[in-house]
Amino acid sequence: MKKITKETYINWYKDMLFWRKFEDKLAALYIQQKVRGFLHLYNGQEAVLAGALHVMGKNDKMITAYRNHVQPIGLGEDPKRIMAELLGKVTGTSKGMGGSMHIFSPKHNFYGGHGIVGGQIPLGAGLAFADKYFGRDGVTLTYFGDGAARQGSLHETFNMAITWKLPVVFICENNGYAMGTSVSRTANHEDIWKLGLGYEMPCGPVDGMNPIKVAEAMEEAIERARRGDGPTLLDIKTYRYRGHSMSDAQHYRTKDEVDEYRKIDPITQVLDVIYKKKYATEKEVKEWDKEVKAKVDECQKFAEESPFPEAQQLYDMVYDQQDYPFLKHR
Ligand SMILES: Cc1ncc(C[n+]2csc(CCOP(=O)(O)OP(=O)(O)O)c2C)c(N)n1
Ligand SMILES: [Mg+2]
């Protein structure tokens, strides 16, 4: 296992806190109608990303659904550009024309940002196929939700991926709900990892509130894929504190249930280790918290001060084909 050091814990704390505060800011900006459309937040699920980033190689890729704002930041994208994208500004990652559900950053190996539930599962296997076909050593981490696990495309993809031993890790980010529908209501059993058994695909459950547990499972799966032994299915049990999207009244769960998960919050778990092992004092942690807040404020300032795109720029982004006959390509 790649060593987990004092620096790892400190980075995990700072990163996860930044992702959470960044998204809290987005929620506030949404209420002010500065972020439009849908907004699905990652609050509570941060350990699933932190653990993966610890063991990913530099050629490894990531693809996910619409809960997708902080992954590219973790992979190295400038958070100012992500916030600008969410505010629809021309300085955003897709020049303000993608928005919340379609963040892309191929330069940092992040391939979206997909709004069709389960749509990214075959695409993730496709990225892995390309790496295998061209003899590159990358592994593709393909994330999807517990609701997406019920899509037919998952089965077609699993069958091909295991038959062709594609370098892919299938990660079910199981936060217990597909919008308001609980896992127990969508199938005859609650163990999503068992879907791998029918394909003789290595599979199992993982504690998604603890980045160490995620890193361990992820490293084993990535190594398996990289040495040519094909895919793994990880059923990572996690939780989201906020609603499915900003317009969710959350009648399907109790406040007590949310509070239970807050007790095993990934950021708090990491901070507990930092204090227990005396990696930092309370004063130092307060300084980090201030730094995080300042970084979020800087993103907001950049995004708010950036201009909106010009209306005529719209078609530049839609049609990549240089000789597209109906519109002038700029
Ligand atoms: C094909 C398709 N069907 C339905 C929807 C509407 N929809 C958007 S998100 C969602 C729930 C998905 O839940 P899950 O896969 O568990 O992901 P989570 O939101 O929990 O991260 C649904 C049904 C959609 N976007 N695409
Ligand atoms: Mg879900």
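Some observations on this one:
- Residue with peak Gaussian network fluctuation, the chain [Cα springs, cutoff 10 Å], from 100, 247, 182: 247
- Spin-label pair residue 250/residue 107, simplified geometry with 7 Å Cα→Cβ offset, distance in nm: 3.7
- Sequence-separation-based contact order of segment 204-330, relative, with Cα cut under 8 Å and 6+ spacing, percent: 18
- Computed over the chain, the per-residue total of -39500 (n - 2.57) for DSSP H runs of n ≥ 4 gives a 222 nm mean residue ellipticity of -13500 deg cm²/dmol, rounded to 500.
- Sites residue 287 and residue 264, calculated FRET efficiency, Cβ-Cβ separation with R0 25 Å, nearest 0.05: 0.45
- In this Cβ point-charge picture (+1 for Lys and Arg, -1 for Asp and Glu), segment 175-330 has a dipole of about 300 debye about its Cα centre.
- Proximal lysines relative to residue 80, as straight alpha-carbon distance under 21 Å, when same-chain residues fewer than 8 apart are discounted: 14, 21, 25, 34, 89, 95, 107, 290, 293, 295, 301
- Eligible aspartates and glutamates near residue 58 by straight Cα distance, threshold 16 Å, same-chain separation 8 or greater: 77, 131, 137, 219, 223
- Once the Kirkwood radius over Cα pairs is known for segment 1-107, the Stokes-Einstein relation at 25 °C and 0.890 mPa s delivers a diffusion coefficient of 171 µm²/s.
- With 0.36 nm allotted per residue and the present C-alpha distance subtracted, the residue 257-residue 223 stretch has 8.7 nm of extension available.
- For the chain, built as a Gaussian network whose Cα springs stay under 10 Å, the top-fluctuating residue of 279, 239, 143: 279
- Net +/- balance of residues flanking residue 167 in space, Cβ distance below 12 Å, scoring K and R +1, D and E -1: +2
- Distance in nm between pseudo-label sites at residue 11 and residue 163 (7 Å out along the Cβ direction from Cα): 4.0
- Prolate/oblate/rounded label for the chain (Cα gyration tensor, a/c 1.5): rounded
- Neighbour net charge for residue 179 - beta-carbon separation under 15 angstrom, K R +1, D E -1: +3
- Tensor-based shape of segment 113-246 (alpha-carbon gyration tensor, a/c under 1.5 rounded, otherwise prolate or oblate): prolate
- Relative contact order, percent, the chain [alpha-carbon distance under 8 Å, six or more residues apart]: 23
- Of 142, 93, 254, the one that fluctuates the most in a GNM where the chain has Cα springs shorter than 10 Å: 254
- Options 252, 314, 296, ranked by Cα towards positive dipole end of segment 240-330, top entry (Cβ charges): 252
- Dipole in debye (nearest 20) - the chain, about Cα centre, beta carbon charges: Lys, Arg +1; Asp, Glu -1: 420
- Size of electric dipole in segment 27-123: Cβ of Lys, Arg +1 and of Asp, Glu -1, about Cα centre, debye, nearest 20: 280
- The Cα atoms of segment 141-199 give a gyration tensor whose axes a ≥ b ≥ c have a/c of 1.5 or more with a/b greater than b/c, which makes the shape prolate.
- Summarising the label geometry, the points placed 7 Å from Cα in the beta-carbon direction at residue 276 and residue 133 lie 4.8 nm from one another.
- Computed from the C-beta positions of residue 301 and residue 27, the FRET efficiency with R₀ = 22 Å rounds to 0.80.
- Here's the list of aspartates and glutamates a cross-link from residue 286 could span, going by alpha-carbon distance under 18 Å and ignoring same-chain residues fewer than 8 apart: 7, 15, 272, 297.
- Residue-wise HN-Hα coupling along segment 302-312, computed from phi with Karplus coefficients 6.51, -1.76, 1.60 (Hz; x: Gly, Pro): 4, 5, 5, 7, 6, x, 6, x, 6, 4, 6
- Counting neighbouring Cβ atoms within 10 Å and putting the fewest first, the residues 41, 87, 234 line up as 87, 41, 234.
Since every read-out is calculated from the coordinates, none of them should be taken as a lab result. Worth saying up front: this structure is predicted, and the values here are computed from it rather than measured. Positions of Cβ are backbone-derived with ideal geometry, glycine not excepted, and every protein chain shown enters the neighbour counts.
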